[in-house]
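The values are calculated or read from the model by the stated rules, or taken from the named source; none is laboratory data. Please read these numbers as outputs of a predicted model, since none were measured by experiment. In this analysis, Cβ positions are derived from the backbone assuming ideal geometry, glycine residues included, and neighbour counts consider all displayed protein chains. Heads up: the accessible areas ignore ligands, DNA and RNA and are worked out on the full protein's heavy atoms, side chains in. Shrake-Rupley method; radii C 1.70, N 1.55, O 1.52, S 1.80 Å.
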Amino acid sequence: MGILDAFGSVASALVGGFVMLAFAVLSLFVTVFVVDVAAGIAGLSPDPGFVVLGATVLAGSAILAGGVGFATPEESA
C-alpha cells in the first residue's frame, strides 16, 4: 500500500499544481484587462508591453501575498 499512497500523493500534487497554474494564468488575463481599462479611463495609451508588465507585477504580488501565510511554521507546544 505504500507505493500506491506515494503515487496518489504525486498525482494529487500534479493536479493541484496544474490547477494553480491555470488560476494564475486566468488571473493574469483578468489583470491585463483591468490595467488596460484603468489606463483608458485615465486617458493614457501605454504600450501593450507596459500593460502586460503592470498586470504581471500585480498578479504576481497577489499570488505571493496569498501564499505567504502558508509558509509560517506552527509553534510547538
Given the conditions (1) open to solvent by less than 60 Å² (accessible area, probe 1.4 Å); (2) at pLDDT 90 or above, which single one is not true for GLY60? (2)
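Restricting attention to region 33-54, report how many residues are part of a helix (DSSP H, G or I), out of contact with any Pro (no Cβ under 9 Å at 6 or more places or on another chain) and surrounded by 11 or more Cβ atoms within 10 Å (Cβ to Cβ). Let's see the steps before the verdict.
Kept after step one, since they are part of a helix (DSSP H, G or I), are these residues of region 33-54: 33-41, 48-54.
Still in the running and out of contact with any Pro (no Cβ under 9 Å at 6 or more places or on another chain): 33-34, 37-38, 40-41, 48-53.
Going one step further and asking which of them are surrounded by 11 or more Cβ atoms within 10 Å (Cβ to Cβ), we end up with 33-34, 38, 40, 50-53.
Counting residues in region 33-54 that are part of a helix (DSSP H, G or I), out of contact with any Pro (no Cβ under 9 Å at 6 or more places or on another chain) and surrounded by 11 or more Cβ atoms within 10 Å (Cβ to Cβ) gives 8.
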